[in-house]
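A short worksheet on the structure shown next.
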Amino acid sequence: MASRELSTRLRALLGAAAEVATAANGVPVVLPHTEAGCALLLRTASLEGWRVRIEGAGTWMPQDGAVDLALGTGGLTALGPVSAADLVATAQAGIRWGALRRGLADAGAWLAHDAPGADRTLG
């Protein structure tokens, strides 16, 4: 299936629940805003036989391999419940380390991990 046709189908499938862009290599990049959007995309990809690459901010791994589309985590940036007393927090994969640290600090918690940069994602 041509990239343009696939992009059109992805926009129709996900609507406002995701952004659909095109990478420099012509591969559609989908940025769902919710876990439900990710699930819908991956379920559809499985049924259609589409090859999917999961990518974060693109700072850790090269964009190699033949794929039909990329699922970007950049739209998944929420910090969920934080229980400082229990040392438990829930965060989505696209949240940046700097935002995660600030959100945890606001809840009275901190993360004992020295991430390689505030601009990288939790992934």
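The values are calculated or read from the model by the stated rules, or taken from the named source; none is laboratory data. All figures in this text were calculated on a predicted structure; none of them were measured in a lab. Heads up, the Cβs are rebuilt from the backbone with ideal geometry, glycines too, and the neighbour counts pull from every protein chain shown. Calculation scope for accessible area: heavy atoms of the full protein, side chains included, ligands and nucleic acids excluded. Shrake-Rupley method; radii C 1.70, N 1.55, O 1.52, S 1.80 Å.
Values computed for the structure shown
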read-out: Any chance ALA84 is within 28 Å of TRP110 (Cα to Cα), open to solvent by less than 40 Å² (accessible area, probe 1.4 Å) and of a type in the set (Gly, Ala, Ser); value: yes
read-out: Residue in the stretch 54-69 that is modelled with pLDDT under 90, more than 13 Å from THR121 (Cβ to Cβ), in a strand (DSSP E or B) and open to solvent by 50 Å² or more (accessible area, probe 1.4 Å) present; value: no
read-out: Top-ranked residue in the stretch 14-31 [being touching a helix residue (DSSP H, G or I) at 6+ places or on another chain (Cβ under 7 Å), outside any loop (DSSP other than H, G, I, E, B) and open to solvent by less than 60 Å² (accessible area, probe 1.4 Å); ranked as farthest from GLY123 (Cα to Cα)]; value: LEU14
read-out: From the options THR121, THR44, residue that is within 25 Å of LEU6 (Cβ to Cβ), touching a Phe, Trp or Tyr at 6+ places or on another chain (Cβ under 8 Å) and modelled with pLDDT of 90 or more; value: THR44
read-out: Odd one out for ARG51 among (1) over 19 Å from LEU122 (Cα atoms); (2) within 12 Å of the chain's Cα centre (by Cα); value: (2)
read-out: Close pairs from the stretch 32-50: first open to solvent by 30 Å² or more (accessible area, probe 1.4 Å), partner among the small types (Gly, Ala, Ser) and in a helix (DSSP H, G or I), Cβ under 7 Å, at least 6 apart; value: HIS33/ALA17; THR34/ALA17
read-out: Residues being under 26 Å from ALA36 (Cα atoms) and exposed (fewer than 11 other Cβ atoms within 10 Å of the Cβ) - total across the stretch 89-119; value: 1
